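Shown next, in structure tokens, is the structure this report addresses.
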Amino acid sequence: MPDNQTVQNAAILARGDRPAIAYSRADGRAPGVVFLGGFRSDMTGAKALALEGFCRARGQAFLRFDYSGHGASGGEFTECTISTWLDDSLDALEKLTRGPQILVGSSMGGWLMLLAALKRPRRVAGLVGIAPAPDFTEELMWPNMAPPTRQELLAKGVIYRPSAYGDGPYPITRALIEDGRNHLLLGAPIPIRCPVRLLHGMEDRDVPWIYSQRLADRLESEDVTVTLFKKGGHRLAEPDEIERIAQAVAELSSLARL
């Protein structure tokens, strides 16, 4: 484990010439739980904090962290891509956890958890996707841009889009779109065979719930379930929704200890 210092109530993983990663970790029994947040989200969100409390109460190891360019971590958001955040996720998994882990990925974090599981299958005991958004740069961002907007992005390298959550406008870079094409998953079978639980709101306006069904169809695992919340939005941060997420974590934890 690395030497750490506390900054803004977070520990810091130094990585030489790469941006430092801010994180919070609770020690406990295996399997551990790693929370991977969404695009422009940080580790202080309601789901991350609630799951940390859930795991602490169970005596289970837990890790939440900020990607480069997010929250308390170093780096500039506009210089980051899916590859950047995947490297961050792998560093967090390898350097901040021990033994089998359950990855919980929210939105973009659902894409990253899949990519991490493909890269480190022996470290991953199960996956919980919360409105998972694999391939979102290619399927949700790029096709929804009007031709003039695409031309602006290609010419300037960055555009700014409004946010429905009051935290915008946020930048979308040409590098993000182009790099995303190196990590697309939904066009072929996905050789992940651990248990997977997918949870999605049917009123999700950012990532349509059919994404979870498509993902379930592509996964090679024989233990995949999809839970739909009829009135749920994208964030799934209401108390009953978070309780269902925690139940999924508990279920996969029990399976991992069999």
Practice task
Would you check which residues across segment 233-258 are without any contact (Cβ under 8 Å) to a residue 40 or more places away in the chain, of a type in the set (Gly, Ala, Ser) and more than 19 Å from SER41 (Cβ to Cβ) and list them?
Solution key: SER254
Practice task
Take segment 229-251 and flag every residue that is touching a Leu at 6+ places or on another chain (Cβ under 8 Å) and aliphatic (A, V, I, L, M).
Solution key: LEU236, ILE242, ILE245, ALA246, ALA248, VAL249
Completion exercise
The condition of being within 26 Å of GLY45 (Cα to Cα), under 19 Å from the mean Cα position of the chain (by Cα) and either at pLDDT 95 or above or among the charged types (D, E, K, R) (or both) holds, among ARG193, ARG218, ARG197, ARG214, only for ARG197
Practice task
Would you be able to tell me the number of residues in segment 191-213 that are over 16 Å from LEU115 (Cα atoms), touching a residue at least 24 places away in the same chain (Cβ under 8 Å) and surrounded by fewer than 17 Cβ atoms within 10 Å (Cβ to Cβ)?
Solution key: 3
Problem - Hits in segment 107-133 - residues which are crowded, with 24+ Cβ neighbours inside 10 Å and without any contact (Cβ under 8 Å) to a residue 12 or more places away in the chain - result: none
Problem - Output for segment 155-199, where each listed residue is of a type in the set (Asp, Glu) and closer than 29 Å to LEU228 by Cβ - result: ASP167
Exercise for the section: Could you please find all residues in segment 12-38 being in contact with a strand residue (DSSP E or B) (Cβ under 8 Å, 6 or more places away or on another chain) and more than 16 Å from GLU94 (Cα to Cα)? Expected result: GLY28, ARG29, GLY37, GLY38
Exercise for the section: May I ask you to verify whether THR84 is of a type outside the set (A, V, I, L, M, F, W, C), buried (at least 17 other Cβ atoms within 10 Å of the Cβ), over 14 Å from the mean Cα position of the chain (by Cα) and farther than 24 Å from GLU220 by Cα? Expected result: no
Practice task
Could you tell me which residue of segment 69-85 is farthest from THR97 (Cα to Cα), considering only residues that are touching an Asp or Glu at 6+ places or on another chain (Cβ under 7 Å) and in a loop (DSSP other than H, G, I, E, B)?
Solution key: THR81
Problem - Residue, surrounded by the fewest Cβ atoms within 10 Å (Cβ to Cβ), within segment 134-163, restricted to residues that are among the hydroxyl-bearing types (Ser, Thr, Tyr) and under 23 Å from PRO208 (Cβ atoms) - result: SER163
Completion exercise
Given the conditions (1) among the hydrophobic types (A, V, I, L, M, F, W, C); (2) surrounded by fewer than 23 Cβ atoms within 10 Å (Cβ to Cβ); (3) in contact with a helix residue (DSSP H, G or I) (Cβ under 8 Å, 6 or more places away or on another chain), every one holds for PHE77 apart from (3)
Completion exercise
Checking ALA46, ALA30, ALA57 in turn, the sole residue that is under 18 Å from the mean Cα position of the chain (by Cα) and surrounded by fewer than 20 Cβ atoms within 10 Å (Cβ to Cβ) turns out to be ALA46
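Yes/no matrix, rows are residues, columns are (1) at pLDDT below 95; (2) surrounded by 13 or more Cβ atoms within 10 Å (Cβ to Cβ):
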{"residue": "TYR165", "(1), (2)": "yes, no"}
{"residue": "ARG174", "(1), (2)": "no, yes"}
{"residue": "ASP179", "(1), (2)": "no, yes"}
{"residue": "PRO189", "(1), (2)": "no, no"}
{"residue": "VAL224", "(1), (2)": "no, yes"}
{"residue": "LYS230", "(1), (2)": "no, no"}
{"residue": "ARG244", "(1), (2)": "no, yes"}
{"residue": "ALA248", "(1), (2)": "no, yes"}
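The values are calculated or read from the model by the stated rules, or taken from the named source; none is laboratory data. Because the structure is a prediction, the values reported are computed rather than measured. Counting neighbours? That spans all protein chains shown, and the Cβs are built from the backbone with ideal geometry, glycine included.
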